[in-house]
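K.L.:
Sharing a structure, written as structure tokens. Questions coming.
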Amino acid sequence: MIKSQIKKALVFIRCIKGRVQGAKVSLCQGTYIASGVFFSRSREIKIGQNSYIGRNVSLSCHVDIGDYVLVASNVAFVGGDHKIDDIESYIIHSGRDQIKHIVVEDDVWIGHGAIIMHGVHLAKGCVVGAGSVVTKDVGQSEIVAGNPAKFIRYRRSLKSEK
């Protein structure tokens, strides 16, 4: 009982830093946020119930994460590319394009060090391999990996193999 209350307090304390910086963080019951997670300023971040966010994850854009999602350490949710086509001005002064939401549905696993670009939709039950760079939507129960991430195969039911 006391151990679970301490765990909830630690998750709250880890998230409060993001709120102080201006991030709008919404957490559901049973979600665990590891140490070193970065919440970008003035972004809307929603994390569903019983999800796990690993160490040093960077949430740098609007993100909606579903229930029972596993996000390994060092994953980056990246938002908004810089405009690069105007050679008459410095890139640092060129501004950014529109920042799109990332949607992560329920029961998704994102492997260590993956990068998820803004505007991507990860459908229910998909798996993103470690170190992958996801630039396009991933379908339900698909396994993707690589840079850029490509379809490997579908997950399958162990019940059907018996």
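Read the figures in this text as sums done on the coordinates, not as results from a lab. For clarity, every value in this text was computed on a predicted model and none was experimentally measured. Counting neighbours? That spans all protein chains shown, and the Cβs are built from the backbone with ideal geometry, glycine included.
K.L.:
Past 27 Å, Cα to Cα, is the threshold; run LYS100/LYS124; LYS100/LYS150; LYS24/LYS150; LYS124/LYS150 against it and keep the listed order.
P.N.:
LYS24/LYS150
K.L.:
Starting from 0 in steps of 10 Å, tell me what percent of the Cα-Cα pairs of the range 2-161 lands in each bin.
P.N.:
All Cα pairs, binned at 10 Å, distribute as 11, 38, 31, 15, 4, 1, 0 percent.
K.L.:
For GLU44 and PHE151 in the same chain, what is the full-extension length gain: residue separation times 0.36 nm, less their Cα-Cα distance, in nm?
P.N.:
Working it through step by step, the gained length comes to 35.6 nm.
K.L.:
Can you say what percent of the DSSP beta bridges in the range 2-161, counting only those with both residues inside, are antiparallel? Round to 5.
P.N.:
Percent antiparallel among DSSP bridges in the range 2-161 is about 15.
K.L.:
Could you calculate the FRET efficiency of HIS82 with LYS124 from 1/(1 + (r/R0)^6), where r is the beta carbon distance between them and R0 is 30 Å, rounded to 0.05?
P.N.:
After rounding to 0.05, the efficiency reads 0.40.
K.L.:
Which of the chymotrypsin sites (Phe, Trp or Tyr not before Pro) found in the range 81-162 are loop residues per DSSP with 15 or fewer other Cβ atoms within 10 Å of their Cβ?
P.N.:
The qualifying sites are TYR90.
K.L.:
Return the distance in nm (one decimal) between the two label points of a simple spin-label model at GLN140 and ILE91, each offset 7 Å from Cα along Cα→Cβ.
P.N.:
Here the modelled spin labels are 4.0 nm apart.
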